[in-house]
Amino acid sequence: MTDQPTEPDPSRRFHRTRSLAERVRPPRTMRGLIALIVVVGGVGTLVAIGGLKAMEWTESASFCSKCHTMAPEEKAYKLSVHRDVSCAECHVKPGLDGLIEAKLNGAKQTLEVLTGTYPEPIPPPDHSKLPNPKDTCMKCHSLDEIAGAGSPSKIIVDPRYRRDKSNTRETVAVVVRPPGLSEGNGSPGAHWHVQQDVEFASPDEHSQRIDWVGVTYKNGTKKQFIARKEVGISSDARPDIARLKRTETSRQMTCIECHNRVGHEMPTPDSAIDESIASGKISPSLPFVKRFGLARLEREYSSEGEADKTIEGLRGVYATRYPLVYRSQKRKVNRAVKQLKLLYGLVATPDMKAVAADYPSNLGHQTGRGCFRCHDGSHYEVSPKGKILKKTIPWECNTCHTFPQVGNNVSSISLLDAPKSHRSKLWVFEHKDQGTLAEAQSNSFCSNCHSSGAAKVDHEEMLFRHPTAIENAGLSACRYCHQPSWCARCHKKPVLSSGKGYVHRKEDLREGGDIE
């Protein structure tokens, strides 16, 4: 006969519990009570502090970058001007609701990593799910300081290198206009979009295409614009606008519609090589180094090891095609190979199938459509009755910045207004009262003309003779004012032809500066 398992005696279990309760007795003296409070309070404080520190850590870049899926964003973050700002300051909405939403989204992403269902590459965040810039950007940046009257001008001078044998250097220079700087009655400035009430409709969550724009000005006036390809009948576009508002996502235009990669802007292969050449990390004396470097950085690889092996092949290219260069500049070739390997790690992450083109920046129009999403010349104004008008959203090059100057060197950046009429004989003297050029405050700028003898020409003849007078003095100071890019705003022909000057003739001039 086998032994049967016996059920535990409930009375014995109750007895053990009662014995434990008898051993744990509350303090009977004031000193004991105080000691208990101190111990419990200390433990509670340590738990609270530890919880807060753990919460802070989960909102930091060091925590977010623990997952290999965030490698592309982490590399771009470390290169950005916001690398000292924690992730949560820009990605988590304020308040308890924002915290809960962020933690739920983090749990979802963790589950995707554990199950291997995460997307490759990781897409940029949906703009509608990001905090309002008033709670993020405006905590540090004042709109009045960057977009108000008297706000500073931003001069951008970028060195670029051609893909020719000599890696010819070009300089591109523009001035981003603050409100009221030059151009007729004054430019509204690049930050005009967030100073007005601007709404737009886009079919994608990253706003890479904009089909409709509605503007409510401070005086209450309203205007709306629609993309030409979305118009069915030009005499009445109201049904098309209603369709876009119904089927696409409407948003308020804020900082992040243009500054969408401000904390994670990934450099392009082209810009990365240009910067390396400009800083001396890659020597421009190596024939076609810009072209050879781009060909290797823009190629698709399965791993960084494969990329490194291909980049190292650059030594063989120079040894075979340019043996004299390789022998005399071998150290520069090796240095270029080392730098290109480093650059590839910044512009691509093959493990996540991520490259710079996956994360276009809307700031400007160099790496993506950016400004051209609206300022493309094909977003037409719609009348209150729905008729398509001939007027479009401004799209000229000098809308938000000065006309780009491109050349081996940029001597000055024109900020002058175009003359209302070329018939004014006093304009060349009145220019000193305007905001002239980026170098107008330097003595050398003024002396370019005033030491040449041109300033002694009779006032009545100055308009037509000052180019000749300067050329007769053996100088080329006229080019400081008549930059080809500036004159091209009105002149269809070169103002200063190579080897000879251009003298204005009365028969060439029309009112308003419209010159053929």
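The values are calculated or read from the model by the stated rules, or taken from the named source; none is laboratory data. The model shown is predicted, which means the values in this text are computed figures rather than measured ones. Note: ideal-geometry Cβ built from the backbone for every residue, glycine included; neighbour counts use all protein chains shown.
Quick check on my filter: what residues within region 340-350 are assigned to a helix (DSSP H, G or I), among the hydrophobic types (A, V, I, L, M, F, W, C) and crowded, with 16+ Cβ neighbours inside 10 Å? Working first, answer last.
We begin by selecting, within region 340-350, every residue assigned to a helix (DSSP H, G or I); these are 340-347, 350.
Then keep just the ones that are among the hydrophobic types (A, V, I, L, M, F, W, C); that gives 340, 342-343, 346-347.
Correct list: Leu340, Leu343, Leu346, Val347.
One line per residue, one yes/no per condition, for (1) of a type outside the set (S, T, N, Q); (2) in contact (Cβ under 8 Å) with a residue 60 or more places away in the chain; (3) surrounded by fewer than 21 Cβ atoms within 10 Å (Cβ to Cβ):
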{"site": "Met253", "(1), (2), (3)": "yes, yes, yes"}
{"site": "Leu294", "(1), (2), (3)": "yes, yes, yes"}
{"site": "Tyr301", "(1), (2), (3)": "yes, no, yes"}
{"site": "Ala307", "(1), (2), (3)": "yes, no, no"}
{"site": "Gly313", "(1), (2), (3)": "yes, no, yes"}
{"site": "Tyr318", "(1), (2), (3)": "yes, no, no"}
{"site": "Lys338", "(1), (2), (3)": "yes, no, yes"}
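Could you please let me know if Lys353 is surrounded by fewer than 17 Cβ atoms within 10 Å (Cβ to Cβ) and at positive phi?
Values: surrounded by fewer than 17 Cβ atoms within 10 Å (Cβ to Cβ): yes; at positive phi: yes.
So Lys353 passes the test.
Mind listing whichever residues of region 339-380 are in contact with a Phe, Trp or Tyr (Cβ under 8 Å, 6 or more places away or on another chain), among the small types (Gly, Ala, Ser) and at pLDDT 90 or above?
Ala348
I'd like the residue in region 281-304 that is outside any loop (DSSP other than H, G, I, E, B) and in contact with a helix residue (DSSP H, G or I) (Cβ under 9 Å, 6 or more places away or on another chain) and, out of all such residues, is nearest to Val355 (Cα to Cα). Don't jump to the end; show me each part of the working.
Narrowing region 281-304 to residues outside any loop (DSSP other than H, G, I, E, B): 289-297, 304.
Cutting the leftovers down to in contact with a helix residue (DSSP H, G or I) (Cβ under 9 Å, 6 or more places away or on another chain) gives us 289-290, 292-294, 296-297, 304.
Values: Val289: 21, Lys290: 19, Phe292: 19, Gly293: 16, Leu294: 14, Arg296: 13, Leu297: 10, Glu304: 13 Å.
Filtering first and then ranking leaves Leu297.
When only residues in region 391-402 that are under 19 Å from the mean Cα position of the chain (by Cα) and not in a strand (DSSP E or B) count, which is modelled with the highest pLDDT?
Per the criteria, the residue is Trp395.
Output the number of residues of region 77-131 satisfying the condition of being within 28 Å of the chain's Cα centre (by Cα), loosely packed, with under 14 Cβ neighbours inside 10 Å and small (Gly, Ala, Ser).
Going through region 77-131 one residue at a time, the tally reaches 1.
Of everything in region 269-282, what is over 22 Å from the mean Cα position of the chain (by Cα) and surrounded by 16 or more Cβ atoms within 10 Å (Cβ to Cβ)? Give them in sequence order.
Start the filter on region 269-282 by keeping residues that are over 22 Å from the mean Cα position of the chain (by Cα), which leaves 280-282.
If the condition is that a residue be over 22 Å from the mean Cα position of the chain (by Cα) and surrounded by 16 or more Cβ atoms within 10 Å (Cβ to Cβ), then Lys281, Ile282 are the ones that fit.
Kindly indicate whether any position in region 323-334 is under 30 Å from Ala71 (Cβ atoms), in contact with a Gly (Cβ under 9 Å, 6 or more places away or on another chain) and not in a loop (DSSP other than H, G, I, E, B).
Here is the first cut: in region 323-334, the residues under 30 Å from Ala71 (Cβ atoms) are 333-334.
Okay, now just the ones that are also in contact with a Gly (Cβ under 9 Å, 6 or more places away or on another chain), so none.
No, because not a single residue in region 323-334 is under 30 Å from Ala71 (Cβ atoms), in contact with a Gly (Cβ under 9 Å, 6 or more places away or on another chain) and not in a loop (DSSP other than H, G, I, E, B).
Can you name the residue in region 224-251 that is among the basic types (Lys, Arg) and either within 27 Å of Asp126 (Cα to Cα) or under 26 Å from the mean Cα position of the chain (by Cα) (or both) and is also surrounded by the fewest Cβ atoms within 10 Å (Cβ to Cβ) among such residues?
Kept after step one, since they are among the basic types (Lys, Arg), are these residues of region 224-251: 228-229, 238, 243, 245-246, 251.
From what is left, the residues that are either within 27 Å of Asp126 (Cα to Cα) or under 26 Å from the mean Cα position of the chain (by Cα) (or both) are 228-229, 243, 245-246, 251.
On the way: Arg228: 13, Lys229: 7, Arg243: 16, Lys245: 15, Arg246: 9, Arg251: 18.
The selected residue is Lys229.
Is it true that Val289 is buried (at least 19 other Cβ atoms within 10 Å of the Cβ) and under 20 Å from Leu79 (Cα atoms)?
No; evaluated as a whole, the condition is false for this residue.
I need the full set of residues from region 98-136 which are free of Cβ contacts under 8 Å to residues at least 60 places away in the same chain and hydroxyl-bearing (Ser, Thr, Tyr), in order please.
Thr110, Thr115, Thr117, Tyr118, Thr136
Please list, ordered by residue number, the strands (runs of 3 or more DSSP E) wholly in region 149-224 having 3 or more residues that are modelled with pLDDT under 90 and within 30 Å of Ala357 (Cβ to Cβ).
Working: elements: 154-161, 169-176, 197-202, 212-216.
Once the strands (runs of 3 or more DSSP E) in region 149-224 are filtered for at least 3 residues that are modelled with pLDDT under 90 and within 30 Å of Ala357 (Cβ to Cβ), what remains is 154-161, 169-176.
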